[in-house]
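The values are calculated or read from the model by the stated rules, or taken from the named source; none is laboratory data. Since the model is a prediction, treat every value here as computed from it, not as a measurement. Backbone-built Cβ (ideal geometry, glycine too); neighbour counts: all protein chains shown. Just the protein is used for accessible areas: all its heavy atoms, side chains included, with ligands, DNA and RNA removed. Shrake-Rupley method; radii C 1.70, N 1.55, O 1.52, S 1.80 Å.
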Amino acid sequence: MSADAASIRHHTIVVLVENKAGVLARVAGLFARRGFNIFSLAVAPTDDERFSRITIVVDVESAPLEQVTKQLFKLVHVVKISELDPRQSVERELLLATVRAEPSVRSQIIELVQVFEGRILNVGHDLLTVSLDGTPVKVDDFEELLRPYGIVELQRTGRVALPKLERTASRLRSVKGQVG
């Protein structure tokens with residue numbers, strides 16, 4: 001699936017919440033009660049310990065985005081909700097996988113990890129544990145290429161995202177003809 005097709009089907013919603021017990025359960029419960037399908041969920045405290053940031057990738061086929069945000073705003077501890085357009089944000093995901101790596105194919109797996117700029121975290125007699133962080137599409141591609149070797153265990157973090165920074169070129173003043 002292309003990035004454009006994925007962006008049409010999924011929306012990334014960032015919810016800033018008060019860092020209180022039970023808030024994540026209430027957010028997840030809202031999605032469950034309304035029948036909204038969560039594609040990915042990641043949560044962690046922010047730089048301000050009073051708040052946590054929940055990044056939710058929601059399947060827009062299960063619910064219109066406007067309905068999702070209206071329902072979220074009804075929750076007591078929700079402070080702010082933002083939608084991140086994939087074209088205007090930086091998205092990353094982490095994958096950890098243990099893969100079958102018999103001696104005859106181990107070098108192929110190591111090369112694949114190197115090509116994707118991943119890391120080998122643990123080495124066993126016939127297994128390797130590898131990690132990769134990157135865009136969701138890069139992580140998807142890596143996972144797909146690992147599958148033929150035999151994935152024993154796999155864990156993905158879910159997507160995290162931040163808005164892209166605005167880039168403005170600093171204007172250079174002409175100094176031609178000026179005497180210092």
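Go through LYS20/LYS70; LYS20/LYS74; LYS20/LYS138; LYS20/LYS80; LYS80/LYS138 and tell me which ones have a Cα-Cα distance over 25 Å in this structure. Beyond 25 Å between Cα atoms: LYS20/LYS138; LYS80/LYS138.
Return the whole-Å distance between the Cα centroid of the range 41-62 and the Cα centroid of the range 76-91. Answer, in whole Å: 8. Solvent-accessible surface of the range 31-180, taken per residue with a 1.4 Å probe and all protein chains present: 68 Å².
The modelled label-to-label distance for the pair LYS80/GLU66, using points 7 Å beyond Cα in the direction of Cβ, is 2.4 nm.
Can you pull the percent of the range 103-162's accessible area that's carbon plus sulfur, 1.4 Å probe, other chains left in place?
On the way: 1880 of 3660 Å².
It is 51 percent, rounded to a whole number.
Modelled spin labels at HIS125 and LEU24, positioned 7 Å past Cα toward Cβ, are 3.7 nm from each other. Spin-label model, LEU165/PHE73: points 7 Å from Cα along the beta carbon direction are separated by 3.1 nm.
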